[in-house]
Amino acid sequence: MTLSRRSLMAGAAILAASGRARAAADADVVVIGAGAAGLAAAAAIRRGGHSVVVLEARDRIGGRAFTDTSLGTGRSFDAGGQYVHWAERNPWREIARAARVRTSDDATSPWPVLVKDGVRASEAERRQRRAGFGRVSSLLDHPAAPDRSVADAVAGEDEAARAAATGLTRLTLGEEPDRVSTADYDQLWSGDDIWVDGYGALVAGHYADLPVRLGTPATAIDWRGPGVAVETPRGTLRAACAVVTVPVGVLAAGHLRFTPDLPAATAEALDGLRMGAYTKIGLALDPGRLPGQDLRDAVILRSGTPGLTAYLEMQPFGKPLAVLHCGGDGARALCEAGQGGALAAATDHLVSVFGSGIRPAVTAGRLAAWWTDPFARGSYSIARPGHLSAREALRLPVADRIFLAGEAAAGGGAMTVGGATLDGERAAADVLKRLGS
Ligand SMILES: Cc1cc2nc3c(=O)[nH]c(=O)nc-3n(C[C@H](O)[C@H](O)[C@H](O)COP(=O)(O)OP(=O)(O)OC[C@H]3O[C@@H](n4cnc5c(N)ncnc54)[C@H](O)[C@@H]3O)c2cc1C
């Protein structure tokens with residue numbers, strides 16, 4: 001690897017000041033995690049004229065933006081991020097356009113169809129559901145202080161509103177309503193949502209030329225010296241600073257040790273955030289065995305039958321595929337059950353909507369088990385009630401050499417690919433300032 005003058009100087013500084021650091025710095029900056037945040041940070045740091053190495057535990061880049069092709073390329077689906085949220089200000093809208101990726105701008109946008117006990121819901125049932133959602137959105141729009149959970153905010157409401165609140169938090173946040181802060185929910189950005197055919201592939205392709213060391217998990221960061229020493233099973237890397245973008249669930253699990261421990265303010269911020277369990281299960285369908293009705297691009301919500309809160313995305317972009325989306329504790333149980341149990345549950349769900357005639361059409365399936373994934377530990381960060389400031393506190397640099405970044409620190413852009421990208425760029429700007437660029 002070629003060292004820049006800056007990296008040699010950073011290495012020399014570390015050598016002079018720390019007996020623990022015996023080798024020159026390997027790069028100006030080590031970025032931990034090659035998801036949207038880490039990749040965006042690394043690209044910006046490199047543009048700023050500094051050397052950077054990205055460490056990634058998996059054997060691929062993209063993190064929770066991942067287009068799964070295991071059911072065949074004609075049945076690819078986004079196991080993680082899929083919608084370009086608040087597209088008006090999201091950089092991925094333009095990137096998708098420039099890369100000529102299919103989006104819902106050129107395909108028919110999905111429109112939810114409500115199915116109750118196997119048949120299309122009546123107009124009265126749909127109206128009742130809409131009223132529930134309307135009531136919940138008015139309660140969650142600029143909610144009253146002090147901060148409380150979504151469940152507490154709807155506690156005095158009717159059944160339709162409480163059911164809507166549960167559906168909303170499980171299916172948009174992947175979490176139960178009693179664990180979601182209304183103030184944090186309110187600060188999330190809103191806007192147009194664009195549906196991308198291969199968001200994960202788009203992210204990976206966009207950043208394909210960055211220096212990433214795959215299959216190299218960081219296990220410990222020693223920040224006692226003026227720089228950082230990052231331990232991996234393949235050796236220790238030294239740099240002036242580290243950008244840490246692993247999900248907060250991974251940090252909470254203690255799989256990345258810090259010496260000394262992270263400061264109390266950072267630990268407290270981490271304690272204010274938990275990981276939700278938004279989960280998807282892809283089912284490959286045999287087009288020849290599908291029921292006669294046109295199900296292309298349909299999004300089907302089921303109500304009336306007890307069990308998993310879930311919706312089905314049917315034949316997205318016309319592909320012979322159904323994707324079950326679910327969240328909350330029911331989704332956690334499916335991840336813990338593993339692929340076999342989850343596929344059986346997803347197939348049963350499909351049958352409960354379309355009847356048993358559809359069962360033979362399911363030929364294979366894939367569980368995206370983010371909740372039990374050791375490098376994600378959940379789908380995305382959820383602020384606990386009373387912890388609105390946690391995301392901002394996470395962005396405070398630690399001793400000017402550890403910069404936490406990612407969706408969890410993305411404020412109004414939290415829980416999204418776009419937010420992670422912008423926050424990676426924000427962390428890179430902090431790093432460049434620290435390095436004197
Ligand atoms: C099911 C699901 C649906 C979603 N839907 C949407 C959506 O429609 N739209 C949207 O915008 N967002 C969506 N998201 C959220 C979005 O995918 C994430 O917010 C975003 O991708 C997070 O990016 P990140 O860089 O912060 O973290 P990550 O993408 O998780 O990147 C962190 C990286 O760190 C790596 N890592 C972990 N531990 C270590 C270690 N010790 N050493 C080195 N590397 C390590 C991980 O492997 C990972 O690659 C969804 C997520 C899920 C799970």
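The values are calculated or read from the model by the stated rules, or taken from the named source; none is laboratory data. From a predicted model like this one, the values you see are computed outputs, not experimental measurements. Using ideal geometry, Cβ is built from the backbone for each residue, glycine included, and neighbour counts are taken over all protein chains shown. Areas reflect the complete protein model, heavy atoms only, side chains present, ligands, DNA and RNA absent. Shrake-Rupley method; radii C 1.70, N 1.55, O 1.52, S 1.80 Å.
When you go through R127, R135, R170 one by one, which is the residue that is in a helix (DSSP H, G or I), without any contact (Cβ under 8 Å) to a residue 12 or more places away in the chain and either of a type in the set (D, E, K, R) or open to solvent by less than 10 Å² (accessible area, probe 1.4 Å) (or both)?
R127
Which of the numbered conditions does T372 fail, given that it passes all the others? Conditions: (1) touching a Cys at 6+ places or on another chain (Cβ under 6 Å); (2) among the polar types (S, T, N, Q); (3) more than 16 Å from the ligand (Cβ to nearest atom).
(3)
Of everything in the range 323-353, what is touching a residue at least 12 places away in the same chain (Cβ under 8 Å), farther than 23 Å from V180 by Cβ and not small (G, A, S)? Give them in sequence order.
V323, Q339, L343, T347, H349, L350, V353
Which ones in the range 386-406 are within 12 Å of the ligand (Cβ to nearest atom) and in contact with an Asp or Glu (Cβ under 7 Å, 6 or more places away or on another chain)?
Within the range 386-406, A405, G406 meet the criteria.
Taking the range 192-242 as the region of interest, how many residues are crowded, with 19+ Cβ neighbours inside 10 Å and at pLDDT below 95?
Of the residues in that region, 4 qualify.
Give the range 33-62 a look and list any residue that's more than 13 Å from the ligand (Cβ to nearest atom) and either touching a residue at least 40 places away in the same chain (Cβ under 8 Å) or within 19 Å of A229 (Cβ to Cβ) (or both), or say none.
Passing the criteria: A44, I45, R46, G48, G49, H50, S51, V52.
Every residue, every condition in (1) part of a loop (DSSP other than H, G, I, E, B); (2) of a type in the set (G, A, S); (3) at pLDDT 95 or above, yes or no:
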residue: G288; (1), (2), (3): no, yes, no
residue: P291; (1), (2), (3): yes, no, no
residue: G307; (1), (2), (3): yes, yes, no
residue: L324; (1), (2), (3): no, no, yes
residue: A331; (1), (2), (3): no, yes, yes
residue: C335; (1), (2), (3): no, no, yes
residue: Q339; (1), (2), (3): no, no, yes
residue: A344; (1), (2), (3): no, yes, yes
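Does V228 satisfy being more than 12 Å from the ligand (Cβ to nearest atom) and assigned by TED's automatic domain parsing to the domain that holds P263?
yes
If I ask for residues that are modelled with pLDDT of 95 or more, more than 8 Å from the ligand (Cβ to nearest atom) and either buried (at least 20 other Cβ atoms within 10 Å of the Cβ) or not small (G, A, S) (or both), which ones from the range 67-83 would you list?
Within the range 67-83, T67, D68, T69, L71, R75, S76, F77 qualify.
Among (1) away from the ligand (no atom under 12 Å from the Cβ); (2) open to solvent by less than 20 Å² (accessible area, probe 1.4 Å); (3) touching a Pro at 6+ places or on another chain (Cβ under 9 Å), there is one condition A383 misses while meeting the rest; what is its number?
(3)
Table: residues versus (1) open to solvent by less than 10 Å² (accessible area, probe 1.4 Å); (2) aliphatic (A, V, I, L, M); (3) closer than 24 Å to S190 by Cα.
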site	(1), (2), (3)
A344	no, yes, no
T363	no, no, no
R401	no, no, no
G413	yes, no, yes
G418	yes, no, yes
T421	yes, no, yes
S437	no, no, no
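I'm told A408 meets every condition in (1) under 18 Å from A265 (Cβ atoms); (2) open to solvent by 20 Å² or more (accessible area, probe 1.4 Å); (3) part of a helix (DSSP H, G or I) except one. Can you identify the failing condition by its number?
A408 satisfies all of (1) under 18 Å from A265 (Cβ atoms); (2) open to solvent by 20 Å² or more (accessible area, probe 1.4 Å); (3) part of a helix (DSSP H, G or I) except (2).
Taking the condition of being assigned to a loop (DSSP other than H, G, I, E, B), at pLDDT 70 or above and within 16 Å of the ligand (Cβ to nearest atom), how many residues in the range 84-122 meet it?
The number of residues fulfilling the criteria is 6.
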